[in-house]
Structure formats: C-alpha cells, structure tokens
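The values are calculated or read from the model by the stated rules, or taken from the named source; none is laboratory data. Since the model is a prediction, treat every value here as computed from it, not as a measurement. Backbone-built Cβ (ideal geometry, glycine too); neighbour counts: all protein chains shown. Areas reflect the complete protein model, heavy atoms only, side chains present, ligands, DNA and RNA absent. Shrake-Rupley method; radii C 1.70, N 1.55, O 1.52, S 1.80 Å.
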Amino acid sequence: MQQYFGHPESPLFSVYHAPRGKHGGDGRAVLICPPIGQEYIRTHWCLRLVANQIARGGAHVLRLDYHGIGDSSGRVEHVDSVRVWQNNIREAIEHLKKISGAETVMLLGQRFGGTLAGEVAQKRPDVNSVVLWEPVLDGLSYLKQLRAMHAEMLDLWVCKMTTQNDDVSEEILGSLYSRVLLNEVEGLQLNVGDIPQPQLIVSCGCTDSALSHPEPSLQKVVLDDRESSWDDLRELESAWLRPQVSRKIVKLVREMFDRLERFDALKTESRSAKVGAGQ
Amino acid sequence: MKQQVCNFGNEGHLLGILTTPDDDVRVPDAPIALILNAGIVHRVGPFRLNVDIARHLAELGYSTLRLDLSGLGDSGPRTGKLELENRAELDAADAMTFLQQETGVGRFVIVGLCSGAYNAHCVAVKDQRVIGAVFMDGIVFRTVGYFLRHHVGRVFRPRFWRNAFKRRFNRPARAGSEAGGNALAESEFFGDGLSKDQVINDLTGLMDRGVQMLFLYTDGYDDICGRSQFREMYGLRPDNGQLQVEYFPKSEHTFRLTENRRAACERVSSWFQSRFEATEPVAS
C-alpha cells in the first residue's frame, strides 16, 4: 500500500508492506530508511525486495522517501539541515506505529539512511534495534567520495562543463544541495557505540574500528565480501543488487525479532527501562 | 500542486503518482501527460527527471501520471498468459482508462525516455486516445550522415581521444561488475525492435491522426549525432508545429546534470503549453 502522510503542505511518500506468515500482526515493525541522492535510485529495487521478504516473515514494513527525494514533496536543494530528514524518520516511526499497532520499531538504514537512522535511534525508546547497511560513518569522507566521482564525470564529459558550486549550493552527481546542508553533513560522524539498541551492521569488505561497540553482545557485524561500488562512476546508474547479503539480512532481522520478543523488548515500557539503565 | 497515489489495473496491481495543478492555474480540458519508466528506473525517473517534468507541467496547469509498468518500481507483475502482448501497451491502456473514469479526461500525451520512448511509440500507434507524444532518446537508425558526423567528426576532436584514453586506462575493469551485466539488458527493454520502414509508416500514421510530437535527443545517446539525423532517418521535415525535434549537444542520455534536466523540462513544458493551450490541440 502506497500513501502520502505527514503535513499536508509537505507530504511524505511511503510504501507499506503488510505482514504475512506466522508472526503477522504481533508487533514486529521495520522502518526502512533509504540512501539519498543517486544512491536512493540505485537501491530502490533492492530495498523493495528486502521489504517484501521481511514482510513475508511476519513484520510490518514501511519504506520512506525523505523530503525532496523520490516521490515526496519538495526539492532537495531546499533542504537546509539533516534535521529535516531526521524529523521525516521520526514522523514515519509514528506513522508506522499507528498503522501497525506496534509499540516499537526496528530501523533499517542504508548508506546515509543508516547515518540518519543511527542518530534518530539514540534518543528513541520506541526504537527496539537498528540495522545499518554499509552506513556512512564519516560525512566528510562520504562527500569527498561523491565529489571525486562528480569531478571525474565532468572531466569525461563530451565538452568542458562546470556545475553550480558556490556559497549557496553545490551540485553533486545530479543533485543540487544547499551549502548549509553540506556543511552539516561534512561534520557528521556516526559512532555506533553511542547507539544503545541492539544493532546489526553490514559492512563491505572491512572491519572498521569505528564499528566497535562498548557492549559487544549488542552488536553483530556481517561482512559483505563483494567489493564496494559506491565510488565507481561506471556504476552510477546501475541498479545496486546484493541478493546474497540481502537474504542474510532478512534472516538476521527475523532472528533479532525472535530475540527481542524473548526479552520482551518489543514493548515500550520494558524498552524505556532498558535504555534508561544503559545511559 | 497536489500529488496523489493511484492504484489501478487488475486488482490494483499498477501504481502511478498523479500530479495535479492548483485550481487557479488549471488549463481546462487539457490532456493528461503519462510518463513511462525509463529502463528499470522506478517512476521518479533517472535523476528524478520524471518528477521535475510533472511539477513543471503542474505549474503551467497540466496534470501528469508517472506510472510504474507492471513488474517495475512498486507495481506488481501482470499475471496470465500474455506473451504476445506488449506489457507497456496494456499497462498504459489501463492507466488511461483509469484516468478517464476518475477525471473525465479522455485525451493523453505519452512521454518516455529511452525504452520508455520505445514503449511510448507503441502505445501512441495503438491507442487513439493518445493525441501527443514526447519521445526522449527514442527509436533511431544510423545513417550515412551519422557515420560522417560521429565517427569521422570525433577523430578531429582532441577531447574524444583524451576521454577514451582516460576511460581505458584510469580504472581497470572489475570482474562481475553490474556495469558489465547491464550490457545484456538492452534487449530486455526494447521488444523485438522495429524496422525503419515500420517506424516511418507509424509516424506517418500518427501525423495523419493529428498527434502532436516532440522528439528530444541527446549527445549522450550513442546512435544519433545531430538534429539533422531525424530527417535522414525518416524523411520527415521537423517544424515548429506538429513535428518538433530538439537536440541537446551537451547532455548525457539520462540528463544527469541539473542544467540539462532544467533545459529538457522547459522544452517539454513550453511544447506542451504551445500545443495544448486551448481546449483542442492546435492545428499544425
């Protein structure tokens, strides 16, 4: 089911996947936070498949388009802070809780969506766990990578070409971003150790020390042995598909829910107590 | 403007996003634009091109449905034995019937990029409700002029050699990359192909039917080089009326840069406005 929700002046687009299977309707809910920019388009099909498969395992799943991206209202160049997208996630959490009846949700964020989800999760007792799929841990490195690809693209253009890059905005790989937003992204660093919820991290090819967590029992890291292609200009318009690791994530999400259920952590009351105790 | 979700087709398996203008700018009795998928990119279009076109048109008073064909984006698959049917024709027909029932408008302008333009061609030929079409990097045939301009012309362009060298040597090819796999995908999206004679016959038929047409081509599309190739291919002379042709020499096939997208949107919007300003399409 696809629908717009949120403020009528700036509605957000979402796709809801109803649960199927034996766990259907028993309070398991997942909010999928996609990447931004061209990565959003590249991963759309992959995230649709993952959402379908998780729903088939009995969870309510909601896919979200942030303000200025995809089918949601607005233009990305008018987004002046990551808080806009973080608030979109907060709104989507409330929306998902309302339509599913679940008290808590799992956040599954990919790339910059993982960064946003990780930041939001830290202060929400109604987030029971997070899945971070190749998350952006360092905003400056992320932008450096995108800018390098953009420069390479222009360098190989049929003629000499420049794009907007001034005090007001900068174009990167087909999206025009406001300077204030980019400045904020540059300063972003996601420390997974600050996220108090159980977490599944899918990382591509490296065991980054930034992934370490003070409570190792709360964290599972899965390595995707395929080479990362986020920085490869030749694949800028290729669909990003990872069938093997996608299946693994679906399986692990189900296992995480089983465990959360065993510890009674799908309920808000018990979660508040645990998050409070961890702070 | 307003955007709304539309579900239609068998058991509502098809999804489209209808963008409608504010009442104070709405052009009465105007046709609705129907934008088809480009390749496997979902309804937002490459680099959100379809959204930009829909919003440009809404600002001028026109409605647009951005459609996911069955099995693409968030539309479900079309079930049943339909091997001999073109999926896009069936899906577009379902979309037009739905819009006709919901809005009372029975005239449509079909828009597509790349495989979307191929599908738009097939739909326009088959469905009499189509009164206009925008083909972006659609069906083309190489001509003698193409070989002269493209192959011979680039020999004398230093930037071509510089870029070819950089592409070849800057990054080694990676085994099992998606980019390599995509080379196989073309035939998946273009049916069995149409002969030049067939296309000429189709275009003549559309002209006779009074269908308004805009052909947009980019330099990034490998098989065309220059606006003059249109006449070389089809023997039809573009004008500023029913048959318009535009060539973007600085643009990539998918309008990657905002400047290119803006130019494409403005061209499509101004064409739409000039051809469908009144209650009836303007005669050429």
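A convex hull fitted to the Cα coordinates of the range A:49-125 yields 100 cubic angstrom per residue. For a paramagnetic label modelled on residue A:80 (point 7 Å from Cα along Cα→Cβ), amide N atoms under 11 Å away belong, within the range A:158-202, to A:179-181. Kirkwood analysis of the Cα pair distances in the range A:1-159 returns a hydrodynamic radius of 16.2 Å. Annotation: amide H of residue A:221 within the under-5 Å range of A:201, sequence separation 5 or more or interchain, hydrogens built in the peptide plane. Note on the protein assembly as shown: with neighbouring protein chains present and a 1.4 Å probe, carbon and sulfur make up 52 percent of its accessible heavy-atom surface. Converting phi to 3J(HN,Hα) with the Karplus coefficients 6.51, -1.76 and 1.60 and the offset θ = phi - 60°, the range A:107-119 yields 9, 10, x, 10, 6, 5, x, x, 4, 4, 5, x, 5 Hz in sequence order, with x at every glycine or proline. The share of alpha-carbon pairs in chain B lying farther apart than 27 Å comes to 40%.
Working note: Karplus 6.51/-1.76/1.60 with θ = phi - 60° gives the range B:26-34 the couplings 4, 8, x, 6, 6, x, 9, 7, 10 Hz, where Gly and Pro are set to x. Mean sequence separation of contacting Cα pairs (under 8 Å, at least six apart), scaled by the length of chain A, corresponds to a relative contact order of 19 percent. Less than 5 angstrom separates the built amide H of residue B:217 from those of B:137, B:246, B:247, B:248, all sequence-distant by 5 or more or on a different chain.
For the listed peptides B:241-251, B:43-53, a ranking on the average number of other beta carbons within 10 Å per residue, highest first, reads B:43-53, B:241-251.
The calculated FRET efficiency for the pair residue B:236 and residue A:189, based on their C-beta separation and a Förster distance of 56 Å, comes to about 0.45.
From its DSSP helices (H runs of at least four residues, each -39,500 (n - 2.57)), chain A gives a residue-normalised ellipticity at 222 nm of -12500 deg cm²/dmol. Evaluate the Debye formula for chain A with equal point scatterers sitting on the alpha carbons, no solvent, and hand back log10 of I(q)/I(0) at q = 0.09, 0.14 Å⁻¹, in q order, two decimals. Calculated log10 I(q)/I(0) at the listed q: -0.40, -0.99. Separation of the range A:228-273 and the range B:43-113, taken as the distance between their Cα centroids, equals 32 angstrom.
Per q in 0.10 1/Å, what log10 I(q)/I(0) does a Debye calculation on the alpha-carbon atoms of the protein assembly as shown return? Those come out to -0.87, one per q. Seen against the Cα atoms of chain B and their longest principal axis, helix B:258-275 is set at about 40 degrees. Here's how it looks for residue A:2: its modeled amide H is under 5 Å from those of A:16, which are all 5 or more places away or on a different chain.
Measuring between their Cα centroids, the range A:1-48 and the range B:206-284 lie 36 Å from each other. Interface of B with A. Using a 1.4 Å probe and counting protein heavy atoms only, the two chains hide about 4000 Å² of accessible surface, both sides summed. When the Cα positions of B:201, B:131, B:32 are compared along the charge dipole of chain B, B:201 comes out farthest toward the positive end, with charges on each C-beta of Lys, Arg, Asp and Glu.
Of B:2/B:126; A:22/A:220; B:166/B:196; A:97/B:2, which sit over 32 Å apart, Cα to Cα? B:166/B:196, as the Cα separations exceed 32 Å there.
Loop-located GluC sites (Glu not before Pro) in the range B:19-103 (DSSP state other than H, G, I, E, B) with a sparse environment of at most 16 neighbouring Cβ atoms within 10 Å: B:83, B:85. Across the range B:96-106, coupling constants 3J(HN,Hα) worked out from phi with the 6.51/-1.76/1.60 Karplus curve, θ = phi - 60°, read 5, 4, 4, 5, 4, 5, 7, 10, x, 8, x Hz, and Gly and Pro carry x.
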